[in-house]
Structures are given as C-alpha cells and as structure tokens.
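Beneath this line is the structure, given in structure tokens, with notes to follow.
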Amino acid sequence: MRQSPGSIVEVGASPAPRAPARASIISRHLFSGPCASTAAPLSNVTEQRKRLSWCIVGAGAIGGLVGARLAQAGETVTMVARRAHLEAMQGQGGIRVVAMDGSSALVPVRAVGSLAEVGAVDVAIITLKAQQIRPVLADLSQLFHDKTVVVSMQNGLPWWYFLGQDGPYKGRQLESVDPGGEILRAIEPERIIGCIPYPAAHIRVPGEVVHTEGNLLPLGELDGSASGRTSTLSDALVAAGFKAPVLPDIRANMWVKLLGNLCFNPMGALTHTTLDILATYPPSVAVVRSAMEEASAVAASLGVKMNITVDRRIAGAARVGAHKPSTLQDVEQGKPTEVDALILAVVELAELTGTPAPTIRTLCACMQLLNKTVEEKKVKIQATPL
C-alpha cells in the first residue's frame with residue numbers, strides 16, 4: 001500500500017483516554033439545549049496540531065457541513081459531489097455554509113466528481129447514505145495509503161455493526177444494508193472508525209448548506225478500545241467547531257439516535273410532518289413510543305444498554321423544533337430513502353434475536369412501498385397548499 005508521511009497514527013501517539021460514560025454522554029449533549037455554539041472553528045487549537053488530508057465521500061448536507069468546517073480550521077479537504085451541487089461548488093470556488101446564527105460564509109474547498117481525482121488521503125469520511133456506498137466501492141481504495149482511516153458517518157445501522165466485538169454474531173454481515181457482504185470485503189475492518197452524525201442540515205440550493213441544529217459527532221473504535229487515532233480525529237473535529245467525544249461503546253450511542261430515526265423519519269416522510277409535531281401530537285407520539293420500545297428491546301437482546309428513557313428521547317426530539325427529517329427531504333426531492341439502514345436493519349435484527357417488533361415492521365413496510373413509488377415512478381412527493 002502507499003505510504004504517507006502524515007499518517008494519522010503518527011499524530012498524537014499516546015492513547016486517547018476512555019470516555020467516562022456511555023449513552024449518558026450523548027444524553028447530556030442532546031437534551032440539555034443547543035449542542036454547541038455557532039462560533040467559528042478554534043484556530044488556536046488548530047495551530048497546535050498537525051493537519052491531515054481528508055476526503056468527504058458524499059458531500060451532501062452533512063458531508064458538506066463537516067468538510068467545510070474542517071477546511072475553515074485549516075485542514076486539507078477534498079469533497080466528492082455530483083451534478084448541480086458539484087457544478088455550483090466548482091463555479092463559486094467552494095461551498096457556502098449558513099450557520100445556525102444565520103451568518104453565511106463561502107468556504108474555499110476543492111470539489112471533484114470522482115474518487116479517482118482525489119488521491120490518497122489520511123482520512124476518508126463516508127457520508128453517503130447506506131444504499132449509495134456499494135456503487136463507489138471499486139474506486140474507494142484509491143483513497144487509501146497504508147494508514148488511511150475510514151470514518152463511517154451514516155444514519156442507521158452500518159455494515160460493520162458486528163465487527164470488532166465478540167458474541168454469537170461476531171463478524172456477521174447485515175444483509176439489509178450490505179447484501180452479500182460486498183462492503184465488508186471492500187473496506188478492511190482495521191481502517192474503520194464509527195461516527196454518529198447528530199447535526200441537522202440541508203442543501204437549500206446547489207453549493208449551499210444550511211446548518212440548522214446540533215454540533216455533536218461522537219466517534220469510537222469498533223472494539224471499544226482507546227487509540228491515538230480517535231484522539232487525533234476528535235481534536236480535529238473539535239478544532240472545526242464540533243463536539244466529538246471519543247466513546248467506549250459507539251453502538252450503544254448509535255441506538256440512542258436510531259430510536260428517533262426509525263420512527264420520526266418514516267412517519268415524517270409518510271405524513272409530510274416536521275419533528276416538533278411528530279414528537280408532540282398524541283396519536284403520533286403513541287406510535288413513536290411503541291416503535292421506540294420495540295427497538296429498545298431489540299437492542300437489549302444484543303446486549304446494548306442505553307441510559308436514556310423513551311420519554312426523554314421523545315422530549316429531546318420535540319426540542320429540535322420544526323425540522324424536516326432527512327427522509328422527508330429525500331421524498332420531496334424524489335430521492336431514494338434510507339429505509340434499509342434506518343428500519344429494515346432493525347427488522348433484520350428483530351428476526352435474528354426473535355424479538356417482536358410489529359410497529360417497526362408496519363412502518364418499514366409502508367416506507368418500502370413509498371420508496372418503491374419514488375424510485376420506480378421517478379417522482380417527487382410534496383405537500384402543496386390548496
């Protein structure tokens with residue numbers, strides 16, 4: 001493999017300390033008000049670190065936001081995008097980011113249309129949706145030198161869920177998100193670091209990302225170990241203005257977010273309703289609570305412990321406000337949804353563990369049908385005022 005003088009494991013050689021708590025870390029950030037200030041990246045922190053080269057594989061809303069903040073903090077960033085979004089970034093010389101406080105800045109950044117144009121990097125952040133990863137696998141290795149780290153930054157349950165842990169399902173693939181284990185074979189497990197994307201953002205027009213809520217990007221090794229590379233990544237993300245705690249159990253915190261995604265996302269897409277209503281309207285809250293309780297039971301059957309109650313999770317979602325779940329945004333734009341990673345994967349694990357999940361199964365079936373309509377008929381589905 002290709003060598004890199006700026007290897008990520010050479011930066012910050014001492015192991016990162018273990019985080020002192022598990023889901024409670026997320027809970028404190030998620031449910032105690034705004035996740036972070038809208039201040040600019042911390043330049044004084046940046047000056048004390050060795051900068052890395054990064055590739056954002058899938059520079060949509062979240063990828064564009066993360067890449068822009070890293071670039072503002074002095075990191076070398078290349079964004080891989082498509083179509084009008086790519087053309088806009090290339091035409092204006094970067095990506096425009098509208099911050100939570102309403103301020104706007106054009107961030108100079110390199111934007112390309114293919115992985116082959118990037119070259120080897122220290123960190124590849126995959127922000128593609130689960131169903132978009134397989135088509136780029138053939139070219140993904142062109143980003144790798146011998147120490148390249150792959151940060152998995154997707155919603156839902158990832159292809160690597162059963163990697164790096166013992167138990168009866170060790171090394172098992174999630175067929176719902178990685179049919180035939182294609183992704184498992186393409187990305188070496190030792191490269192992967194998990195990351196949970198909590199920020200809410202959307203592309204208002206091509207070349208512009210609007211950051212609406214949240215700055216939390218927890219990350220962790222798949223086996224829960226402490227490592228210098230997770231500490232290095234955390235430092236870089238903190239310098240870029242994010243909160244990036246290194247967690248000893250990334251899966252437990254993944255389930256905390258998934259509790260919301262697996263019900264709010266499909267219900268929002270099916271009813272064209274924003275998060276504030278979904279989390280407070282009594283009939284929808286009843287469905288949400290049922291789905292969350294079923295998901296909690298599935299997680300428990302896999303040995304996952306979440307230090308958060310269903311009611312607290314619903315209350316936290318309500319405080320986000322009138323945000324459109326990403327799945328609703330996809331349906332309105334005529335894009336395929338993340339039904340596999342957000343819901344079908346939970347159904348797969350419910351079947352694997354013999355855990356009843358009738359509410360989740362119903363939401364999954366409805367979303368699969370909606371997804372089928374969007375894909376096969378190539379339509380946008382929007383709520384239009386009379």
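Summary of the geometry: segment 243-281 and segment 168-230, compared by the centres of their Cα atoms, lie 15 Å apart. Calculated accessible area for segment 221-355 comes out at 32 Å² per residue, all protein chains present (probe 1.4 Å; ligands, DNA, RNA ignored).
Mean sequence separation of contacting Cα pairs (under 8 Å, at least six apart), scaled by the length of segment 264-386, corresponds to a relative contact order of 35 percent.
Using a probe of 1.4 Å, the accessible surface attributed to TYR281 totals some 130 Å² when neighbouring protein chains are kept in position.
Starting from the Cα gyration tensor of segment 60-215, take the square roots of the eigenvalues, sort them a ≥ b ≥ c, and report rounded, prolate or oblate (rounded when a/c is under 1.5, otherwise prolate if a/b is larger than b/c, else oblate). Here segment 60-215 falls in the prolate category.
When only Cα pairs below 8 angstrom with a gap of at least 6 residues are kept, the chain shows a relative contact order of 19 percent. Report the residue, chosen from ALA61, ALA240, ALA99, that carries the largest GNM mean-square fluctuation when the chain is represented by alpha-carbon nodes joined by springs under 10 Å. Residue with maximal mean-square fluctuation among ALA61, ALA240, ALA99: ALA99.
Counting heavy atoms of the protein chains alone, ILE277 has an accessible area of about 80 Å² for a 1.4 Å probe.
Derived from the Cα gyration tensor, the three semi-axes of the equivalent ellipsoid of segment 232-386 are 25, 21, 17 Å, largest first. Here the Debye sum runs over all C-alpha atoms of segment 238-325 as equal scatterers in vacuum, and log10 of I(q)/I(0) at q = 0.10, 0.25 Å⁻¹ comes out as -0.28, -1.20.
Surface composition of segment 314-368: carbon and sulfur atoms hold 57% of the protein heavy-atom accessible area at a 1.4 Å probe. What shape does segment 295-386 have by the C-alpha gyration tensor, where a ≥ b ≥ c are the square roots of the eigenvalues, rounded means a/c under 1.5, and otherwise prolate means a/b greater than b/c and oblate the rest? Verdict is oblate for segment 295-386. So what's the net charge close to GLY207: Lys and Arg +1, Asp and Glu -1, counting the other residues with Cβ under 10 Å from its Cβ? Net of charged neighbours comes to 0.
More than 21 angstrom separation, counting every C-alpha pair in segment 181-311; what % is that? For segment 181-311, the fraction of Cα-Cα distances above 21 Å is 55 percent. The base-10 log of I(q)/I(0) for segment 144-207, evaluated at q = 0.12, 0.20, 0.26 Å⁻¹, reads -0.39, -0.88, -1.18 [Debye formula, identical scatterers on Cα atoms, solvent excluded].
A 1.4 Å probe run over the protein chains yields, for segment 85-129, 39 Å² of accessible area per residue, whole-number rounding. Extent of the chain along its three principal axes (Cα atoms, max minus min coordinate, largest first): 55, 53, 40 Å. Modelled spin labels at ARG83 and ASN307, positioned 7 Å past Cα toward Cβ, are 4.3 nm from each other. For segment 64-112, trypsin sites (Lys or Arg not before Pro) are listed when DSSP marks them as loop and at most 16 other Cβ atoms sit within 10 Å of their Cβ; the list is ARG82.
Adding -39500 (n - 2.57) for every DSSP H run of four residues or longer, then dividing by how many residues the chain holds, sets the calculated 222 nm ellipticity at -11500 deg cm²/dmol. Quick one: pull the percent of accessible area on segment 149-259 belonging to carbon and sulfur, 1.4 Å probe, ligands and nucleic acids left out. Here it works out to 50 percent. What the pair-distance distribution of segment 57-127 shows, using all Cα-Cα distances binned every 10 Å from zero, is 21, 59, 19, 2 percent.
The values are calculated or read from the model by the stated rules, or taken from the named source; none is laboratory data. For clarity, every value in this text was computed on a predicted model and none was experimentally measured. Reconstructed Cβ throughout: ideal geometry from the backbone, glycine too, with neighbour counts over all protein chains shown. We work out accessible area using only protein heavy atoms, side chains counted, and drop any ligands, DNA or RNA first. Shrake-Rupley method; radii C 1.70, N 1.55, O 1.52, S 1.80 Å.
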